[in-house]
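Since the structure comes first, as structure tokens, the remarks are kept for the end.
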């Protein structure tokens, strides 16, 4: 539901939309979100289903926050996207844990790396022991290495949930990635603070790379 506004924007520009819930979210099945470990395979299945049923010339992908991380993680399993846009992604799961702990405590990421680090470690161990999931393998910044899919990152400079350095670190792993940092935007807030510029950049990104195919 939170992506309906973005879907409307794309529909107005002539795009057809698939708007799935991630596993363990909304109406999708699954008891546990794995932040990309299993979801990257889900993205591949969605991609294959679109190709099989619609045979489109191009398939693009847009995601926000965790959805942005899933977009980037899927580049290893689904290299056929024409272009992707990812807003407010985290760089890797451990650092994201520090960021969110810092936000919860009303401080910066430093408190997650220091005073609250034991809680992060316990959570990572619990996921490994109880569910067999190694969340330390979740790393959008590593997933973009070597990818040839055109990536536009968007990250507001006022994002307190996942600070902008997350996208800067992702970009550092692939020099072809383009990063836009709207000065007044918070977490996933670019379309709200700069709607015209957001539309120009996102639609322009998709159109330019779709035309190249």
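Which one of these is at pLDDT 85 or above and farther than 27 Å from residue 71 by Cβ: 130, 148?
The conditions single out 130.
Name the residues in the stretch 66-82 that are more than 18 Å from residue 33 (Cα to Cα) and part of a helix (DSSP H, G or I), would you?
Once the filter is applied, which keeps residues that are more than 18 Å from residue 33 (Cα to Cα) and part of a helix (DSSP H, G or I), the stretch 66-82 yields 75, 76.
State yes or no: is residue 163 at pLDDT 95 or above, surrounded by 15 or more Cβ atoms within 10 Å (Cβ to Cβ) and more than 25 Å from residue 8 (Cβ to Cβ)?
Considered against the rule, which asks whether it is at pLDDT 95 or above, surrounded by 15 or more Cβ atoms within 10 Å (Cβ to Cβ) and more than 25 Å from residue 8 (Cβ to Cβ), residue 163 comes out as no.
Just need a number here: residues in the stretch 75-99 that are surrounded by 19 or more Cβ atoms within 10 Å (Cβ to Cβ) and free of Cβ contacts under 8 Å to residues at least 40 places away in the same chain.
3
In contact with a helix residue (DSSP H, G or I) (Cβ under 9 Å, 6 or more places away or on another chain) and more than 24 Å from residue 37 (Cα to Cα), is that true of residue 172?
Taking the combined requirement at face value, the residue does not satisfy it.
Under the condition of being within 16 Å of the chain's Cα centre (by Cα) and surrounded by fewer than 17 Cβ atoms within 10 Å (Cβ to Cβ), which residue from the stretch 173-213 is farthest from residue 59 (Cα to Cα)?
Keep residues of the stretch 173-213 that are within 16 Å of the chain's Cα centre (by Cα), which gives 173-174, 177-181, 186-191, 202.
Going one step further and asking which of them are surrounded by fewer than 17 Cβ atoms within 10 Å (Cβ to Cβ), we end up with 178-179, 181, 186.
Working: 178: 19, 179: 21, 181: 25, 186: 28 Å.
It comes out as 186.
A quick yes/no check of all residues on (1) outside any strand (DSSP E or B); (2) closer than 22 Å to residue 149 by Cβ; (3) in contact (Cβ under 8 Å) with a residue 12 or more places away in the chain:
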| site | (1), (2), (3) |
| --- | --- |
| 29 | yes, no, no |
| 52 | yes, yes, no |
| 57 | yes, yes, yes |
| 101 | yes, no, yes |
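Got at least one residue in the stretch 125-137 being touching a residue at least 40 places away in the same chain (Cβ under 8 Å) and assigned to a loop (DSSP other than H, G, I, E, B)?
yes
The values are calculated or read from the model by the stated rules, or taken from the named source; none is laboratory data. Everything numeric here is computed off the predicted structure, so don't read it as measured data. In this analysis, Cβ positions are derived from the backbone assuming ideal geometry, glycine residues included, and neighbour counts consider all displayed protein chains.
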